[in-house]
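The values are calculated or read from the model by the stated rules, or taken from the named source; none is laboratory data. This one's a predicted model, so the numbers in the text were calculated from it and none came from an experiment. Here the Cβ positions follow ideal geometry from the backbone for every residue, glycine too, while neighbour counts run over all protein chains shown. Accessible surface is based on the protein model in full, side chains and every heavy atom, while ligands, DNA and RNA are left aside. Shrake-Rupley method; radii C 1.70, N 1.55, O 1.52, S 1.80 Å.
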Amino acid sequence: MSFPRGSRVIDAGGSLVTPAFIDPHLHLDLAYSLDLVKPNRTGTLTEAIRHWNAAKKKLTAANVRERAIRAIHAEVGFGTGHIRTHVDVGTNAGLRLTEGVLSAREACASLCDIQVAVFLQDGLLRDPGAYEQMRAAMDMGCDLIGGIAHNERTDADSRRHIDMLFDLAEEFDADIDCHIDETDNPQSRCTEYLAAETIRRGWRGRVTASHVCALASYNDVHARKVIDLLAEARVHVVTNPGVNLHLQGRYDRYPKRRGLTRVSELLAAGVTVAAGQDCIRDPFYPLGTGQMLEVAHLLVHADHMTLPRQIEQAFDAVTTGAARAMRLRGYGISRGSAADLAILPVSDALEAIRTRPIPTHVLKNGRTVAAGRRAGR
Ligand SMILES: [Zn+2]
């Protein structure tokens, strides 16, 4: 085989060469903030939101930037080439967190491509003023409209929340990635409204539903209806296995629910499912390293994905499936695609997920950006 002059050849020696991993759901503004926030004694999402609310008032953009850069470096060391992060805006967060994350994205532009979704940790209807902050954050350079539909006072407010996200998405011609039904409550019914609005507004293929935990608690008849609706609307689903296992099931005695959405049923219906890290050492989840193979490993356990085909699906959830959810162009190993690659010293996806090795090489646009080093976790 011949190579253009000046090319550098890496002999992968029979290793697995994969398109770079993708983390489709991360909170860079929260990363490594665990020690800045009061301990989460109940381990619930609501207590984490409360403590984070108090802590974020004091955060500077510089502090957010520093922690975000640390997290991006950790992800890249594990072979991640693309991240979608959510950044907290609202009357408490202001725009300081956005400023910090956008500055970190710029500093790491040669290492990793980062999409930024504006996010309303404290809700929209229950945080008057947040809507204007979202608009300002989009003007600063954020890419997507995010939300947290289930975190409103009433079902009617949750629906209004979704309406307002679509209004803003239309204004900025932006895609949507909304935290939704992140609860075990079987009465939480935001996802079907999101899917219905996606169809009504002509936004098919441009919307991601993150978490969708309540789907696992619906009865099978209603779950079927919602899954079919998601498929019809071409809404992508992002599950966050570590965080869902950790935060959900907290009100259960025994048996305790796992908290994840119905991953295998969604896949069987043709819905794109991706898996994210969500949190790295923060008040919502004290663990998390930024290694997408660890996320896939958790997914395999949590959804019983142990057949060869299912192992491939778990690997896809942090590679090609995530690329579809994020609508990446030029992703994959093919002529004309960007050389965003990870080389893993294993034979196949099963061995990669089973042993979770550090990549021997991580390439971004053909340039080696990490090589066999254990990135600072
Ligand atoms: Zn999240």
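Out of the residues in segment 28-63 that are without any contact (Cβ under 8 Å) to a residue 40 or more places away in the chain and of a type in the set (S, T, N, Q), which is least open to solvent (accessible area, probe 1.4 Å)? The selected residue is Asn63. Across segment 267-294, the number of residues qualifying as touching a residue at least 60 places away in the same chain (Cβ under 8 Å) and in a helix (DSSP H, G or I) comes to 3.
Taking segment 70-108 as the range and being over 23 Å from Met138 (Cβ atoms) and more than 15 Å from the chain's Cα centre (by Cα) as the test, the residues that pass are Arg70, His73, Ala74, Val76, Gly77, Phe78, Gly79.
Checked against the criteria, Ile343 counts as touching a Ser or Thr at 6+ places or on another chain (Cβ under 8 Å) and either closer than 22 Å to Gln310 by Cα or touching a residue at least 24 places away in the same chain (Cβ under 8 Å) (or both). In the set (1) within 15 Å of the ligand (Cβ to nearest atom); (2) open to solvent by less than 10 Å² (accessible area, probe 1.4 Å), Tyr285 fails one condition alone, (2).
Being part of a helix (DSSP H, G or I) and open to solvent by 40 Å² or more (accessible area, probe 1.4 Å) narrows it down to one of Asp139, Asp163, so name that one.
Of Asp139, Asp163, the one residue that is part of a helix (DSSP H, G or I) and open to solvent by 40 Å² or more (accessible area, probe 1.4 Å) is Asp139.
Residue count for segment 206-230, restricted to those that are away from the ligand (no atom under 16 Å from the Cβ), open to solvent by less than 30 Å² (accessible area, probe 1.4 Å) and among the small types (Gly, Ala, Ser): 2.
Tell me, which residue of segment 259-282 that is among the charged types (D, E, K, R) and more than 13 Å from the ligand (Cβ to nearest atom) is surrounded by the fewest Cβ atoms within 10 Å (Cβ to Cβ)? Checked segment 259-282; the qualifying residue surrounded by the fewest Cβ atoms within 10 Å (Cβ to Cβ) is Glu265.
Which residues, taken from segment 166-189, are in contact with a Ser or Thr (Cβ under 9 Å, 6 or more places away or on another chain) and either open to solvent by less than 10 Å² (accessible area, probe 1.4 Å) or within 17 Å of His86 (Cα to Cα) (or both)? Hits for segment 166-189 are Phe166, Asp175, Ile176, Asp177, Cys178, His179, Ile180, Asp181, Glu182. Identification of helices (runs of 4 or more DSSP H) wholly contained in segment 308-377 with 2 or more residues that are among the acidic types (Asp, Glu) and surrounded by fewer than 22 Cβ atoms within 10 Å (Cβ to Cβ) yields 308-316.
When segment 295-307 is filtered for residues that are over 14 Å from the mean Cα position of the chain (by Cα) and either closer than 30 Å to Ala55 by Cβ or open to solvent by 30 Å² or more (accessible area, probe 1.4 Å) (or both), the ones remaining, listed by number, are His297, Leu298, His301, Ala302, Asp303, His304, Thr306, Leu307. The set of residues in segment 181-195 that are over 19 Å from Gly249 (Cα atoms), within 16 Å of the ligand (Cβ to nearest atom) and among the acidic types (Asp, Glu) is empty. Considering Ala130, Ala93, Ala104, Ala109, the condition of being open to solvent by less than 40 Å² (accessible area, probe 1.4 Å) and over 16 Å from Lys56 (Cα atoms) is satisfied by Ala104 alone.
Of Thr44, Thr80, Thr85, all but one fail to be β-branched (Val, Ile, Thr) and either at pLDDT below 95 or at positive phi (or both); the exception is Thr44.
When you check Arg253 against the structure, is it more than 16 Å from the ligand (Cβ to nearest atom), touching a helix residue (DSSP H, G or I) at 6+ places or on another chain (Cβ under 6 Å) and not hydroxyl-bearing (Ser, Thr, Tyr), yes or no?
The answer is no for Arg253.
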